[in-house]
Amino acid sequence: MGLHRVGEDRPGAGKCGSRLRCGALRRRHVRNGRVGGITMHKISYWQRIRPRKLRVQLAIFVSFLLTLTIVGHAWYTAEEQASFASRAFTTQATILARELATASTASMITRDYAILEQLVRQTARFPEIETITISDAAGRVMSEVVKDSEGRPQVRFNQTRLALPGGSTALIQIEPPAAEASFFSHSGKLIAWQPIDGGSLLGWVKVDYSMAHIDGVKARIWRNSLVTALLAVIISAGLILAYLTRPLHSLEVATAFARDLDAHRGRQLPVSYCTEEMTLLTQALNHASSNLAFQEREILAGARRLQTVLDNAADGVITFNPEGAIESFSKGAESAFGYRAADVVGKNVALLLPQPTVPEGAEPENPADAAWRISGGEVTAQRRDGSEFPVDLSINEVVLDDERLFIGIVRDLTERKKVDRLKSEFIATVSHELRTPITSIRGSLSLVLGGVAGNIPRETQMMLEIAHNNSVRLLHLVNDILDMEKIEAGKMVFNMKPLDITEVVAQSIAANQSYADQHQVRFVLAPESPAATVNADSDRLLQVMANLLSNAAKWSNPADEVRIAVSREHDQVRVAVTDHGSGVPEEFRDRIFSKFSQADASDSRKKANGTGLGLSITKKIVEHLGGDIGFDSQVGVGTTFYFDLPALENIPRKEALLGAASPATPSCQAAA
């Protein structure tokens with residue numbers, strides 16, 4: 001059987017392509033050892049001498065069974081034929097003795113010994129007869145023929161006294177009809193006694209037959225049977241081998257094909273129709289080969305697609321093991337760091353990230369891991385020329401084949417930082433340039449509305465009030481933008497000092513009461529609010545409260561109550577502002593603290609009445625003060641915004657004093 005690839009023409013009509021040669025498998029005798037990680041058992045003597053080929057084993061086994069069957073049949077046949085020959089010989093001897101006794105009757109009566117001698121001579125011609133003796137009833141020999149060593153008969157008369165049946169040599173008086181014929185074997189001879197009966201017992205005929213002829217017949221029967229059995233075994237074994245050669249050869253080829261199926265994937269075995277099992281086996285192997293080839297093509301295509309994506313991705317992809325050794329380095333990483341993959345594979349990732357990116361003092365879960373020093377976020381990386389640049393690093397741990405692997409995605413932030421800086425500078429410049437004229441416009445409109453220019457018509461006053469309100473809103477927008485840029489640039493001043501948080505909350509309520517009156521809402525400070533001291537900036541804290549209170553008032557219904565509560569939870573002080581408005585929609589909750597984010601409102605008076613920066617600024621201020629902010633909301637019921645700050649007694653005095661003395665700390669930039 002040959003092999004050919006799918007879609008290829010097989011060379012030659014009726015011929016096979018390249019043949020698989022299945023050599024005998026070599027076996028090594030290993031006593032209770034391990035070879036290649038596999039435990040080898042002790043091999044017995046029979047296993048070592050047993051033929052390796054299945055066809056030889058089958059031929060020997062079948063030949064052994066045939067040999068036993070044919071030899072048994074030959075033995076049975078030989079015994080039957082020998083028994084038949086013996087019975088035939090005995091019958092022949094009986095008939096011969098009986099005929100001789102009958103023919104001798106007249107001569108015994110007339111005592112004609114010449115005729116008796118002639119009868120004996122004629123009978124002695126049979127080769128199986130050794131001796132013929134005729135005696136009277138008393139046992140006296142009347143005539144006897146004995147063959148010499150050359151087989152010639154010798155005649156003698158009245159020479160010996162015969163031993164009669166019964167063992168006596170004396171004269172015997174036999175009363176008829178007591179005389180009967182008898183046969184017995186003695187010393188390789190068959191001795192037949194036949195009485196001569198002429199109305200009375202006249203004498204005896206004794207014939208000695210040689211059994212050599214019977215033994216020869218038995219020997220010939222055995223020899224012929226054994227030769228026949230041997231020929232039958234040889235012919236049967238040859239036919240079995242010839243019959244099994246094709247299917248066993250097909251099995252050997254299929255076995256070799258299956259053993260190296262990975263190397264032969266995509267090739268096809270010609271289907272063997274010698275047996276149904278071989279047909280199914282070759283079809284199954286061809287199906288497996290096709291599947292392997294298809295899966296290999298799919299895997300290679302997927303690998304090429306993945307490699308193409310990685311090579312064309314702007315971000316760099318780096319994989320490294322727990323010891324920090326780099327295992328792969330994408331084209332994007334080569335472009336970002338200036339190294340070729342061959343230059344860094346196998347080296348430690350600290351070559352690219354020399355500074356630890358985990359918090360100082362952190363301990364690894366597994367001391368054997370070197371990769372624990374690498375964490376995600378915005379970190380500083382180092383190029384091949386030694387220059388440092390900011391990157392956004394994302395680290396994921398995966399397990400492949402029971403081995404841990406870390407995948408790092410690196411994005412160069414150099415250009416983004418430049419763009420953000422230019423954007424911030426532009427916005428700050430524009431905002432500064434806008435704030436001065438807006439302030440002047442607002443002041444002038446306030447003076448006009450205050451009556452400095454005298455009485456003005458009602459219609460003009462309404463238009464001036466609209467202009468004044470929008471100038472105030474525009475000034476708030478500019479201030480919010482400037483605050484946001486200051487926070488992100490780390491330039492916002494924080495005058496940290498111990499504050500009574502409840503007193504600051506009360507001040508913020510009083511400062512924003514006019515905004516509550518505008519929306520017909522009441523601010524209520526919970527009477528159970530305890531006194532609590534925090535280390536914070538009072539102005540920034542008032543700004544946080546103003547954003548939360550104005551938000552609650554804006555989204556409350558007329559005549560509603562906004563509840564403000566101060567509570568102490570362990571080492572944290574919590575301030576909560578609760579309204580009974582429509583609640584925060586589910587789809588808006590994930591981006592509620594993002595810049596310029598505003599929820600849609602069905603009430604027209606609540607639409608477009610803000611900058612979308614208040615909560616974002618509030619979150620960044622609270623985080624800079626060392627706290628956290630969050631909210632709980634239920635649609636149709638209301639919303640509670642809260643922020644937690646550390647209680648002053650839980651802040652080290654040295655840190656509190658440093659925070660109070662330094663205006664814009666670097667941690668502000670980190671928080672942003």
> Within the stretch 419-447, which residues are of a type outside the set (Val, Ile, Thr) and either closer than 30 Å to Ile326 by Cα or in contact with a helix residue (DSSP H, G or I) (Cβ under 7 Å, 6 or more places away or on another chain) (or both)?
Replying inline: Ser424, Ala428, Ser431, Leu434, Arg435, Arg442, Leu445, Ser446
> When you scan the stretch 335-382, how many residues do you find that are of a type in the set (D, E, K, R), at pLDDT 90 or above and loosely packed, with under 14 Cβ neighbours inside 10 Å?
Replying inline: 1
>> Take Leu613 and tell me if it is under 26 Å from Glu485 (Cα atoms), within 60 Å of the chain's Cα centre (by Cα), buried (at least 16 other Cβ atoms within 10 Å of the Cβ) and modelled with pLDDT of 85 or more.
In response: no
>> One residue is enough: does the stretch 103-110 have a residue meeting the conditions surrounded by fewer than 19 Cβ atoms within 10 Å (Cβ to Cβ) and either in a loop (DSSP other than H, G, I, E, B) or in contact with a helix residue (DSSP H, G or I) (Cβ under 9 Å, 6 or more places away or on another chain) (or both)?
In response: yes
>> Can you report the number of residues in the stretch 383-426 which are touching a strand residue (DSSP E or B) at 6+ places or on another chain (Cβ under 8 Å) and modelled with pLDDT under 85?
In response: 1
> Within the stretch 439-487, can you find the residues that are among the acidic types (Asp, Glu) and either over 21 Å from Gln543 (Cβ atoms) or at pLDDT 80 or above (or both)?
Replying inline: Glu459, Glu465
>> Against the definition (small (Gly, Ala, Ser), at pLDDT 75 or above, on the phi < 0 side of the Ramachandran plot and outside any helix (DSSP H, G or I)), how does Ala192 come out, yes or no?
In response: yes
> Has the stretch 300-317 got at least one residue that is under 23 Å from the mean Cα position of the chain (by Cα) and touching a residue at least 24 places away in the same chain (Cβ under 8 Å)?
Replying inline: no
> If you take the residues of the stretch 238-289 that are in a loop (DSSP other than H, G, I, E, B) and over 32 Å from the mean Cα position of the chain (by Cα), which of them is farthest from Gln57 (Cα to Cα)?
Replying inline: Tyr273
> Can you tell me which of Asn547, Asn495 is in contact with a Gly (Cβ under 7 Å, 6 or more places away or on another chain) and of a type outside the set (Gly, Ala, Ser)?
Replying inline: Asn547
> Just checking, how many residues over the stretch 314-323 are in contact with a Lys or Arg (Cβ under 8 Å, 6 or more places away or on another chain) and surrounded by 11 or more Cβ atoms within 10 Å (Cβ to Cβ)?
Replying inline: 4
>> Restricting to the stretch 123-140, name every residue that is closer than 16 Å to Leu201 by Cβ and not hydroxyl-bearing (Ser, Thr, Tyr).
In response: Ile134, Asp136, Ala137, Ala138, Gly139, Arg140
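The values are calculated or read from the model by the stated rules, or taken from the named source; none is laboratory data. Given the structure is predicted, the values throughout are model-derived calculations rather than measurements. Here Cβ is always computed from backbone atoms with ideal geometry, including for glycine, and neighbour counts include all displayed protein chains.
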